[in-house]
2 protein chains.
Amino acid sequence: MYAFSNRVETLKPSAIRERMKFMSKPGAISFAQGNPSPETLPYEALKSISAYMFGSNPASFLQYGLTEGYTPLRLTLRERMQRRFSCGEDFDELIIVSGAQQGIELACKMFCNEGDAIVCENPSFIGSLNAFRSYNVQLLGVDVEPDGMNIEQLEETLKKHSNIKLLYTIPNFQNPTGVTMSLEKRKAVYELAKRYNVMILEDNPYGEVRFHGEDIPNIKSLDTEGIVIYVGSFSKVLSAGIRVGYVLAPLEVAQKMVVVKQSADVHTNLFAQVLAERFMNDYNFDGHIAELQKIYGRKCDLMLSCMEEGFGDRVSYNKPEGGLFIWCTLPGDIDPARFSTQCAAAGVTFIPGNMLAISPTDCTDAFRLNFSTPSDQQIVEGIGKISAVLKAL
Amino acid sequence: MYAFSNRVETLKPSAIRERMKFMSKPGAISFAQGNPSPETLPYEALKSISAYMFGSNPASFLQYGLTEGYTPLRLTLRERMQRRFSCGEDFDELIIVSGAQQGIELACKMFCNEGDAIVCENPSFIGSLNAFRSYNVQLLGVDVEPDGMNIEQLEETLKKHSNIKLLYTIPNFQNPTGVTMSLEKRKAVYELAKRYNVMILEDNPYGEVRFHGEDIPNIKSLDTEGIVIYVGSFSKVLSAGIRVGYVLAPLEVAQKMVVVKQSADVHTNLFAQVLAERFMNDYNFDGHIAELQKIYGRKCDLMLSCMEEGFGDRVSYNKPEGGLFIWCTLPGDIDPARFSTQCAAAGVTFIPGNMLAISPTDCTDAFRLNFSTPSDQQIVEGIGKISAVLKAL
C-alpha cells in the first residue's frame, strides 16, 4: 500500500531474527545467535564505573556530544590500534560509530551509488549484506577457502566489473565460516584493491577473540596508500548492548563519515562511550581479553569434541582459531531442509547456510553453529540432539 | 581524492557545528546551541535508576536487544502518546530510534528515491535538511507565517511538483522560528497531504516544552488515514546524550523502518532505553515536565524582557509559547554579516538565519537566539552586548 523507495522496497528482515522467534520455545537450545557469552561481561567493573560517572559529572554525558566521538575514547583506541595491531598511519583518523554496523552502512552510503557493486566473501555477515542491499548495491561473491578468499576469483571479478567501489572482508574468524585469511592472501587482497582502485572495508569484530594460533597482521596494517577503512567493535569484547564501534580510516574518509553520521544519529550514546573509555583505562583491558579468549576457546573446544564424538565423519567442519562460529557441511545424501526441521523438532536451532549467502541457492548444504551464547551444558545436550537426528537420517 | 557517492559528495558539516568552534573562546556567551538547560537534568533520579539496573540484571541490557526497541519503553510511550496527545490508532505501531534524527533520516531513506522532493518549512531544522540532502533529495521550501506554513504556497508547491514524497513539518515551536502552527493550518496540511498523496513527517521534539498557552492537537491525532509518521524525542525532556527517540507510524511503515534500522545500527543503546522507561514509570514524569516547562518559560521571558529593553524597536521578533528559540529579524539598514561579526567580537554568538534556510540566500536578515543553554546571567549579559552592538551600528 505504501510507496517505498526502490532501495528498501524488497528489503526483508534478517532471516536470523525471524529464526529467533522459533527459539522462544521453552527448553529449546539455540546455536543460532551470535551473542557474546554472558560469562565474559565485566558486571562489577561496569557497575563501579557507572556509579562513579553518575556521582561525578553526569552533565558531561547527559548533554549532546561531538559527532566524531568522545575524545578520550578516540585517543585510547587509536593508541591501542597502533600498539597492539600496528594499525594507523599519520594520515588516518579514528572516529566512534554506533556499533560496527553503522560504520559499514555509512561506508556503503559514502562510496556506492545505486547500481554500483561491492565484492565480498560468500557467505558473509548478513547484517552487512543487508546494509549493502539497502542502497541497491550489487553484491559480487567470492568463495571462501580454508585460508580465505579465492584470490583468482577475486581478481576475475575485479577485472570483469568496472562498477566495484568496495571490497568487503572479515579476515579474522570470518562470520559465518570461521575461516582466517592467511597473510599471503591479505597481501594479495591489498595489492588487487590498489591495482583496481577499490577501497577495502575491513570488518574485524572478532579479531581480539583469538584462542588458538598466532595473530596475523590486519590488512589495515599494510595500508600505506590510504585505501583501507577498518571497522572495530566493543560488541564481542565488552558489551553488544552498548552499541559502540569505531572506524580507522584516512582523514578525508573519516571526516566525510562524520558529516554523514551527523545526519544519521548526531552522535553515539555518550554514557556508553565514557563507560568503554574508563574500562579500557582504569581496568586491565588486556587481562579481560585474555580471560575472554580462554572462555571462548574452552566453549569452542567443547563443541568440537562433542561434534567429533557425535557427528562421526558424516558432517565436515573447520576448527576455527577464534570467533564465535563453526561452519558445517552436510553430505549429499542428507536433505538440509529435512535435517534442519528435524533438529528444530528435537529442540535445537541453528542458521541454515543459504540464509547467510548472497543468493538463497548458495551454501544450501551448510549450516552455522554458535558456541558463545549457549551454556556448556546446552552445548553438550544440543550437539547430542543433532547427532541423534544425523544418525536417524 | 576519494571518489565519494553522488549523494554525499557535496555534503558539508553542519554550519552550527562549525560555528561552535568559535564559541570555545574563553568567556564567550553562546546563544547558538540547542542544548537542554542543565538545570532540567534529573541527575539524582538517573543515578538511582542506574545503580538499581547494574545491581539487578545487567546482562539484560549489556547483550543485544530487539531492533524495534525495549518492549516496556515502547508500551509506556504508546500509552502516553494516546493518553496525553490522543495520538495512535489501532493501525499504528511505536518503535524506538537512536534519537529523532534517526527517525527522520530513515523516513527519507524509505520514501525518497534520488531526485524525489520533500516539502518543508523554510527555514527549518538543519539536521533534518542535511539528512534529506544526504539522499540527493530536492528541498522545496514553504514560508513560515506567525501561525505556521503558508498554506497557499504549500498547495501551489504540491500542485506543481509530482515528485514530492514527504511533507516535513515541526508544528510546535518550530526550529528555528519558534512558530506554532494553528489548528486550522494543521487540518489544512493534513487535507492537502491526503489529496496530493504525500506522507507527513511530523517532527515534535519540543511539544512537551510548552510554557505559555494551550496545547494544540498534533497532526498525528488527526491521522485517520495512516499518512502521518510522528517522530518524538527524549532530548529535550530527559537527556540529549542518551540518543533515544521514537516513531509512531502505521504498522507497515514502522515494520519497514525496523528492517532499515537493523542495517543502520542493529538497535538503540539498551541501557538508555531501560533508563528512560524506569524514569517514566518510577518517577513523576509529568511533574518533571511541568518543572522543566517552568524553567524554560522563565528563561524565555527573561531573554524577551532583556530584548525589549535593549533592542528597542530596531529588531523584530516573535514571542514563542514553547521550545528553545527566539527568531529575530534585522531592519534593512543593518548589514547582517557586519552585525554578526561585531557581536562575535563582543563575545556573543548565535546562528545567522541563512545557515538554517534551504538556500544561503534566504533569511539573510534573520538570526536565531537560544535561551535554554545559557545561564540567566549569561542571558542578561549576552543580550546586553548585542544591544550595545545594535546601538553603535
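Set side by side, the residues A:Gly232, A:Gly323 differ, and just one is of a type outside the set (D, E, K, R) and at positive phi, which is A:Gly323. Tell me which of these B:Cys306 doesn't satisfy, since it passes every other one: (1) outside any loop (DSSP other than H, G, I, E, B); (2) closer than 30 Å to B:Ala131 by Cβ. The number of the failed condition is (2).
Is it true that some residue in the stretch B:278-296 is part of a strand (DSSP E or B), polar (S, T, N, Q), over 30 Å from B:Lys160 (Cα atoms) and touching a residue at least 12 places away in the same chain (Cβ under 8 Å)? No; the residues of the stretch B:278-296 include none that is part of a strand (DSSP E or B), polar (S, T, N, Q), over 30 Å from B:Lys160 (Cα atoms) and touching a residue at least 12 places away in the same chain (Cβ under 8 Å). Of all the listed residues (A:Ile229, A:Ile289, A:Ile326, A:Ile242), the sole one being in contact with a helix residue (DSSP H, G or I) (Cβ under 8 Å, 6 or more places away or on another chain) and more than 14 Å from chain B (Cβ to nearest Cβ) is A:Ile326.
Given the criteria within 14 Å of chain A (Cβ to nearest Cβ), touching a residue at least 12 places away in the same chain (Cβ under 8 Å), surrounded by fewer than 24 Cβ atoms within 10 Å (Cβ to Cβ) and not aromatic (Phe, Trp, Tyr), does B:Val198 qualify?
Working: within 14 Å of chain A (Cβ to nearest Cβ): yes; touching a residue at least 12 places away in the same chain (Cβ under 8 Å): yes; surrounded by fewer than 24 Cβ atoms within 10 Å (Cβ to Cβ): yes; not aromatic (Phe, Trp, Tyr): yes.
It is true that B:Val198 is within 14 Å of chain A (Cβ to nearest Cβ), touching a residue at least 12 places away in the same chain (Cβ under 8 Å), surrounded by fewer than 24 Cβ atoms within 10 Å (Cβ to Cβ) and not aromatic (Phe, Trp, Tyr).
All told, B:Pro176 falls short of being modelled with pLDDT of 95 or more, within 14 Å of chain A (Cβ to nearest Cβ) and either touching a Cys at 6+ places or on another chain (Cβ under 8 Å) or assigned to a loop (DSSP other than H, G, I, E, B) (or both).
For the stretch B:195-215, the set of residues classified as under 16 Å from B:Arg298 (Cα atoms) and not in a loop (DSSP other than H, G, I, E, B) consists of B:Arg210 only. Among the residues of the stretch B:340-351, is there at least one that is within 30 Å of B:Arg133 (Cα to Cα), within 23 Å of the chain's Cα centre (by Cα) and of a type outside the set (A, V, I, L, M, F, W, C)? Taking every residue of the stretch B:340-351 in turn, at least one turns out to be within 30 Å of B:Arg133 (Cα to Cα), within 23 Å of the chain's Cα centre (by Cα) and of a type outside the set (A, V, I, L, M, F, W, C).
On the stretch given as the stretch B:104-121, residues that are more than 10 Å from chain A (Cβ to nearest Cβ) and surrounded by 24 or more Cβ atoms within 10 Å (Cβ to Cβ) total 5.
Among the conditions (1) surrounded by fewer than 22 Cβ atoms within 10 Å (Cβ to Cβ); (2) under 21 Å from B:Gln101 (Cβ atoms); (3) among the small types (Gly, Ala, Ser), B:Ala290 misses just one, which is (2).
Considering each of B:Gln82, B:Gln33 in turn, give the residue that is at pLDDT 95 or above and polar (S, T, N, Q).
The unique qualifying residue is B:Gln82.
This table checks each residue for (1) in contact (Cβ under 8 Å) with a residue 24 or more places away in the chain; (2) under 23 Å from B:Ser37 (Cα atoms); (3) buried (at least 19 other Cβ atoms within 10 Å of the Cβ).
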position	(1), (2), (3)
A:Glu39	yes, no, no
A:Pro42	yes, no, yes
A:Leu46	yes, no, yes
A:Gly55	no, yes, no
A:Pro58	no, yes, yes
A:Phe61	yes, yes, yes
A:Thr67	yes, yes, yes
A:Leu75	no, no, no
A:Arg80	yes, no, no
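Does B:Lys159 fit the bill of being without any contact (Cβ under 8 Å) to a residue 40 or more places away in the chain and not in a strand (DSSP E or B)? Considered against the rule, which asks whether it is without any contact (Cβ under 8 Å) to a residue 40 or more places away in the chain and not in a strand (DSSP E or B), B:Lys159 comes out as yes.
For the stretch A:143-153, the count of residues that are closer than 27 Å to A:Ser182 by Cβ, touching a residue at least 12 places away in the same chain (Cβ under 8 Å) and of a type in the set (S, T, N, Q) is zero.
Answer with yes or no whether B:Gln63 is facing chain A (nearest Cβ under 9 Å) and closer than 23 Å to B:Lys165 by Cβ. For B:Gln63, the condition - facing chain A (nearest Cβ under 9 Å) and closer than 23 Å to B:Lys165 by Cβ - is not met.
The values are calculated or read from the model by the stated rules, or taken from the named source; none is laboratory data. What you see is a predicted model, and the numbers here were worked out from it, not measured in a lab. Backbone-built Cβ (ideal geometry, glycine too); neighbour counts: all protein chains shown.
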